[in-house]
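Participant: Let me give you the structure first, and then I'll get to my questions.
The values are calculated or read from the model by the stated rules, or taken from the named source; none is laboratory data. On a predicted model such as this, the values are computed, not experimentally measured, just so you know. For neighbour counting, all protein chains shown are included, and Cβ atoms are generated from backbone atoms with ideal geometry for every residue, glycine included.
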C-alpha cells in the first residue's frame, strides 16, 4: 500500500474513531454511574434519548450538503463540529452527575448533535474521496473506527475509570477528539473533485431519494442485512450473565475481545469487497451470518464452555464487522451528485432503525421462547436475508 493511500485511510479512521470513543464511553459509563448513584431505572432509561441526534441527523443533512463543495469546505464543517464536540465534553468533565444531571444530559445531547453533523460531512467526504473500486477501503475505516471506539470507550476507558476519575477521564477524551483532527489538518487530495456551483438542495430531496431506480431493492437489503445478528448482539450479555459469568469477564470477552474481532474483520471485509466485488461479498457475508446464528442455536441447547463462547463471540463480531462494511459500501452506490451526505445518512438511519426494532423485540422473544428460541428465530432471519440476496441480486450491481 502506497504512502498516500495509507495517509488517506489514517485520516478517515481518525475521524470516525474521534466521534465513536466519547459516544461509547457515555453509553456504557453513565448507566453504571447512575445506578450506583441510586437513580431510578426509568431515569436511566431516558439515556436512550442521547442517541436521538444520530437518528434525526437526516433532517439537517441536506443543509450540510448545501453548504459544502470543495475539500476546504468539508474540512471547515468537520473541524467546527468536532471542536464543539470536544468543548462540550470538556464542560461535562467539571459537572457532578448527582447534582447536575439535567445540565449534563443537555450538554451530551448537544455534543451528539455536533458529532452527528461531523458524521454527515465525513461520510460525504468519504464518498467523494474514494473511487468506486476503493470505496470499500474507506468504509473499512468507517467500521473500524466505530468498533475501535467501542473497544476504547466501552472497554479500556471503563476499566480505567476508577484509576483516574470522572474529571480526568473526560478531559482526556476531549483532548483526544481534538488530537484526532491532526491527520485531517495536514490531509491533501489533489484528485478531489469539488462540486460545481451551488447545489439547490432542500428537504424535498429526502423524498426524491426514494424515486431512484432500484432503491426499493436496496432498502430491503439494508433492513435485512443485520437482521440475523442484531438480536443476538442485544441478548449475548444477559445470556452470559445467566450462565454465571461476572461483569469483568463479560466486559473482556464481549467488549474487548469482541470489538477487536469486529475491527479486524471490518478491515478484512473492505479488501474482500474490493477483490471480489459487491455481488459475491453479499453472498459470502450472508453465509457468515447464517453460520453464526446456527452456532449460537446449537450451542444454546447445552451449557456451553468458555471456549465455545469465545468461538461464538468471534463469529458474531466477525460477521457483524463484515456486514457493517458491506452496508456502508453498498449505501455509497446510491448517492446522488451533491447530496452525498443526505443520501448516505438516510440509508444508514433506515438500517439502524430496523436494527433497533429487532433489538427491542429480541428481549420479548427471548422471554417467550428462551435463548434457543431467539437464536432459532435469528437463524430464520439469516436464511431470509441470504435467499433475498440470491433471488434479487442475480447479476453484479452496476460497474462490477
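Participant: Quick check: is even one residue across segment 67-74 surrounded by fewer than 17 Cβ atoms within 10 Å (Cβ to Cβ), outside any helix (DSSP H, G or I) and under 20 Å from the mean Cα position of the chain (by Cα)? Don't jump to the end; show me each part of the working.
Facilitator: Within segment 67-74, the first condition is being surrounded by fewer than 17 Cβ atoms within 10 Å (Cβ to Cβ), and the residues that meet it are 67, 69-70, 72-73.
Imposing the further condition that a residue be outside any helix (DSSP H, G or I) reduces the set to 67, 69-70.
Then drop every residue that is not under 20 Å from the mean Cα position of the chain (by Cα), which leaves none.
No; the residues of segment 67-74 include none that is surrounded by fewer than 17 Cβ atoms within 10 Å (Cβ to Cβ), outside any helix (DSSP H, G or I) and under 20 Å from the mean Cα position of the chain (by Cα).
Participant: What are the pairs, 6+ residues apart or on separate chains, where a residue within segment 381-400 that is over 15 Å from residue 285 (Cα atoms) has its Cβ under 6 Å from a residue that is part of a loop (DSSP other than H, G, I, E, B) and modelled with pLDDT of 60 or more?
Facilitator: Matching pairs, first to second residue: 399/132.
Participant: Sticking with this structure for a sec: Can you confirm whether segment 136-147 contains a residue that is under 30 Å from residue 94 (Cβ atoms), assigned by TED's automatic domain parsing to the domain that holds residue 94 and either more than 14 Å from the chain's Cα centre (by Cα) or assigned to a helix (DSSP H, G or I) (or both)? Even if it seems obvious, please write down each step before you answer.
Facilitator: Of segment 136-147, the ones under 30 Å from residue 94 (Cβ atoms) are 145-146.
Now drop any that are not assigned by TED's automatic domain parsing to the domain that holds residue 94, which leaves 145-146.
If we keep only those that are either more than 14 Å from the chain's Cα centre (by Cα) or assigned to a helix (DSSP H, G or I) (or both) as well, we get 145-146.
Scanning segment 136-147 turns up at least one residue that is under 30 Å from residue 94 (Cβ atoms), assigned by TED's automatic domain parsing to the domain that holds residue 94 and either more than 14 Å from the chain's Cα centre (by Cα) or assigned to a helix (DSSP H, G or I) (or both).
Participant: Looking at 175, 208, can you tell me which residue is assigned to a helix (DSSP H, G or I) and modelled with pLDDT of 85 or more? Step through it out loud before you land on a result.
Facilitator: Working: 208 fails: modelled with pLDDT of 85 or more.
Among 175, 208, only 175 is assigned to a helix (DSSP H, G or I) and modelled with pLDDT of 85 or more.
Participant: Based on this model, can you work out whether residue 170 counts as farther than 30 Å from residue 276 by Cα, more than 17 Å from the chain's Cα centre (by Cα), assigned by TED's automatic domain parsing to the domain that holds residue 107 and modelled with pLDDT of 85 or more?
Facilitator: Values: farther than 30 Å from residue 276 by Cα: yes; more than 17 Å from the chain's Cα centre (by Cα): yes; assigned by TED's automatic domain parsing to the domain that holds residue 107: yes; modelled with pLDDT of 85 or more: yes.
Criteria met by residue 170.
Participant: Taking the condition of being touching a residue at least 60 places away in the same chain (Cβ under 8 Å) and within 14 Å of residue 258 (Cα to Cα), how many residues in segment 300-311 meet it? Show your work before the answer.
Facilitator: At the first step, the residues of segment 300-311 found to be touching a residue at least 60 places away in the same chain (Cβ under 8 Å) are 300-301, 303-304, 309.
So of that shortlist, the ones also within 14 Å of residue 258 (Cα to Cα) come out as 309.
Selection size over segment 300-311: 1.
Participant: If you don't mind, another one. If a residue has to be surrounded by fewer than 19 Cβ atoms within 10 Å (Cβ to Cβ) and free of Cβ contacts under 8 Å to residues at least 60 places away in the same chain to count, how many in segment 281-294 make the cut? Can you show your working first?
Facilitator: Of all residues in segment 281-294, those surrounded by fewer than 19 Cβ atoms within 10 Å (Cβ to Cβ) come to 283-284, 287, 291, 294.
If we keep only those that are free of Cβ contacts under 8 Å to residues at least 60 places away in the same chain as well, we get 284, 291.
Residues in segment 281-294 being surrounded by fewer than 19 Cβ atoms within 10 Å (Cβ to Cβ) and free of Cβ contacts under 8 Å to residues at least 60 places away in the same chain: 2 in total.
Participant: Name every residue in segment 226-251 that is more than 21 Å from the chain's Cα centre (by Cα) and not in a helix (DSSP H, G or I), in order of residue number.
Facilitator: Answer for segment 226-251, where residues must be more than 21 Å from the chain's Cα centre (by Cα) and not in a helix (DSSP H, G or I): 243, 244, 245, 246.
Participant: Here's another thing I want to ask about it. What number goes with the only condition from (1) in a helix (DSSP H, G or I); (2) within 30 Å of residue 137 (Cβ to Cβ) that residue 336 does not pass?
Facilitator: (1)
Participant: Return a yes/no flag: does segment 273-280 have any residue that is within 12 Å of residue 323 (Cα to Cα), touching a helix residue (DSSP H, G or I) at 6+ places or on another chain (Cβ under 9 Å), crowded, with 18+ Cβ neighbours inside 10 Å and modelled with pLDDT under 95. Walk me through it before giving the result.
Facilitator: Keep residues of segment 273-280 that are within 12 Å of residue 323 (Cα to Cα), which gives 273, 278.
Imposing the further condition that a residue be touching a helix residue (DSSP H, G or I) at 6+ places or on another chain (Cβ under 9 Å) reduces the set to 273, 278.
Going one step further and asking which of them are crowded, with 18+ Cβ neighbours inside 10 Å, we end up with 273, 278.
Still in the running and modelled with pLDDT under 95: 273, 278.
Yes, segment 273-280 contains a residue that is within 12 Å of residue 323 (Cα to Cα), touching a helix residue (DSSP H, G or I) at 6+ places or on another chain (Cβ under 9 Å), crowded, with 18+ Cβ neighbours inside 10 Å and modelled with pLDDT under 95.
Participant: Okay, next question. When you go through 117, 103 one by one, which is the residue that is more than 14 Å from the chain's Cα centre (by Cα), within 19 Å of residue 53 (Cα to Cα), in the same structural domain as residue 65 (by TED's automatic domain parsing) and free of Cβ contacts under 8 Å to residues at least 24 places away in the same chain? Break it down into steps so the answer makes sense when it comes.
Facilitator: Working: 117 fails: free of Cβ contacts under 8 Å to residues at least 24 places away in the same chain.
Being more than 14 Å from the chain's Cα centre (by Cα), within 19 Å of residue 53 (Cα to Cα), in the same structural domain as residue 65 (by TED's automatic domain parsing) and free of Cβ contacts under 8 Å to residues at least 24 places away in the same chain holds for just one of 117, 103, which is 103.
Let's see how each residue does on (1) modelled with pLDDT under 85; (2) buried (at least 19 other Cβ atoms within 10 Å of the Cβ); (3) touching a strand residue (DSSP E or B) at 6+ places or on another chain (Cβ under 6 Å); (4) under 22 Å from residue 357 (Cβ atoms):
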| residue | (1), (2), (3), (4) |
| --- | --- |
| 37 | yes, no, no, no |
| 40 | yes, no, no, no |
| 45 | yes, no, no, yes |
| 54 | no, yes, no, yes |
| 59 | no, no, no, yes |
| 64 | no, yes, no, no |
| 76 | no, no, no, no |
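Participant: Got a sec? Which of 260, 322, 264 is buried (at least 19 other Cβ atoms within 10 Å of the Cβ) and part of a helix (DSSP H, G or I)?
Facilitator: Numbers: 260 fails: buried (at least 19 other Cβ atoms within 10 Å of the Cβ); 264 fails: buried (at least 19 other Cβ atoms within 10 Å of the Cβ).
Matching residue, one of 260, 322, 264: 322.
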